[in-house]
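Since the structure comes first, as structure tokens, the remarks are kept for the end.
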Amino acid sequence: MDTTVVDTRINEDGDIVRRRRRCLNCDKRFTTYERAEIRLPQVVKKNGSRVDYNRDKLSASLWLALRKRPVTTEAVDGAITRIEEKLLALGEREIPSEKVGEMVMRELKKLDKIAYVRFASVYRNFEDVDEFSHAVREVTPGKPVRRPRDE
């Protein structure tokens, strides 16, 4: 189909281009909307398999760690957006899941220290209390880890 562009406009957010076109064969006009396709890298899991990046899976992981914590949806969305921006900035087609996990931990450390320790305990697969205590010390530098008193 041979067409010519009659008018081009960009939406308010600057992420969609609206073009008014005219068919050179039949002279009819129509509108197209164009959006840049943003491809996040595939995630390479520990077993070597590859999966497409999934924002919903990332969000679910964050919310699981943040369960019953006083963190807003906007704050979580901001963290996810920052992670995605870092993934895009890498310019890689593939990224190890470990790298994504480290990005998540950095964001959780800023959002909520309890959620950070929760996520770290699963992500790093803690096997004893010392590993857990080390994670707590990471988010509370200079403060001794309190132990429950014997009653």
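Readers should treat all values here as calculations from the given coordinates under stated rules, not as data from a laboratory. Here the structure is a predicted model, which means the values were calculated and not measured. In this analysis, Cβ positions are derived from the backbone assuming ideal geometry, glycine residues included, and neighbour counts consider all displayed protein chains.
Overview of values
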| quantity | calculated |
| --- | --- |
| Descending principal axes extents, the chain, alpha-carbon based, whole Å | 88, 35, 23 |
| Sites excluded, trypsin sites (Lys or Arg not before Pro) in DSSP loops with at most 13 other C-beta within 10 Å, longest stretch of the chain | 94-145 |
| Label-point separation in nm, residue 17 to residue 110, each point 7 Å along Cα→Cβ | 3.2 |
| Neighbour-count order for 94, 12, fewest beta carbons within 10 angstrom listed first | 12, 94 |
| Beta bridge orientation in the range 14-151: antiparallel %, DSSP, nearest 5 | 75 |
| Computed [θ] at 222 nm, helices only, for the chain once each DSSP H run of length n ≥ 4 contributes -39500 (n - 2.57) | -14000 deg cm²/dmol |
| Gained length - residue 124 relative to residue 50, 0.36 nm times residue gap less alpha-carbon distance | 24.6 nm |
| Most fluctuating residue given options 125, 11, 54, as computed from a GNM of the chain linking Cα atoms under 10 Å | 11 |
